[in-house]
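Here's the structure we're looking at; comments come further down.
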Amino acid sequence: MSINDLYFRPFDKARLDRLIEAIVQEKLSAALVSESEGLLDHYGRILVQRLRERNGINVEVYYPNSTEALITRFNKILENISVDAATKTVNSNAPQRVLVAFDSHATGLREVQLMARLVRDFPGANTRIILLLDKRSSTQVEKKIEAFGFPRKSPQVTLIASCVSGLSSII
């Protein structure tokens, strides 16, 4: 048994399973929100590993530290796709791609808004964003979720509550 097989609550695995299916089958972006940075990192790593095990999906861990870096990365994604194909919502031949933004501290509200706009404006790029947001270290978590267009009670927003007592008893 590896650390990536460890779930702190029984329904956390079911939530992660549903989230992965939504990302893969429904082509949704998502946000993982937690009050525990360690728990967020743990489930983020599991999510990345399980997505990488899926065929036909390119998973990139991404640290958008500036607007310019984000635009450069998205331009690289779009470089082999015509503008016409990138703006169409059906039958895109672009590879499926998931960008996982681990560092919510460095990902400013402006970058989140830009990510959301790029994903919405270029659906043919087949790119989804997974935001990992630590509630304790960022005062803008709700604004980032709203900026990305996630409704507050949306199934795309997976809330992983703090489980510090369970964590400390395992360690």
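Couple of notes before you dig in:
- Scanning the range 76-131 for residues that are at pLDDT 85 or above, hydroxyl-bearing (Ser, Thr, Tyr) and open to solvent by 30 Å² or more (accessible area, probe 1.4 Å) yields a count of 2.
- Restricted to the range 120-141, and to residues there that are among the aliphatic types (A, V, I, L, M) and in a helix (DSSP H, G or I), the residue that is nearest to residue 24 (Cα to Cα) is 125.
- Against the conditions (1) open to solvent by 70 Å² or more (accessible area, probe 1.4 Å); (2) farther than 28 Å from residue 135 by Cα; (3) over 17 Å from the mean Cα position of the chain (by Cα), residue 11 satisfies every one except (2).
- All positions within the range 50-73 that are at pLDDT 90 or above, touching a helix residue (DSSP H, G or I) at 6+ places or on another chain (Cβ under 7 Å) and open to solvent by less than 70 Å² (accessible area, probe 1.4 Å): 50, 51, 57, 59
- Scanning the range 149-161 for any residue that is at pLDDT 70 or above and open to solvent by less than 40 Å² (accessible area, probe 1.4 Å) turns up nothing.
- Within the range 25-39, the only residue that satisfies the criterion of being open to solvent by 10 Å² or more (accessible area, probe 1.4 Å), under 12 Å from the mean Cα position of the chain (by Cα) and within 22 Å of residue 139 (Cα to Cα) is 29.
- Matching residues, the range 45-69, being part of a helix (DSSP H, G or I) and touching a Ser or Thr at 6+ places or on another chain (Cβ under 9 Å): none
- Residues in the range 42-84 that are closer than 19 Å to residue 30 by Cα and aliphatic (A, V, I, L, M): 46, 47, 48, 51, 57, 59, 61, 70.
The values are calculated or read from the model by the stated rules, or taken from the named source; none is laboratory data. Only a predicted model underlies this, so the values are computations on that prediction, with no experimental measurement involved. Cβ coordinates were reconstructed from backbone atoms using ideal geometry, including for glycine residues, and neighbour counts include every protein chain displayed. Heavy atoms of the whole protein, side chains included, go into the accessibility calculation; ligands, DNA and RNA do not. Shrake-Rupley method; radii C 1.70, N 1.55, O 1.52, S 1.80 Å.
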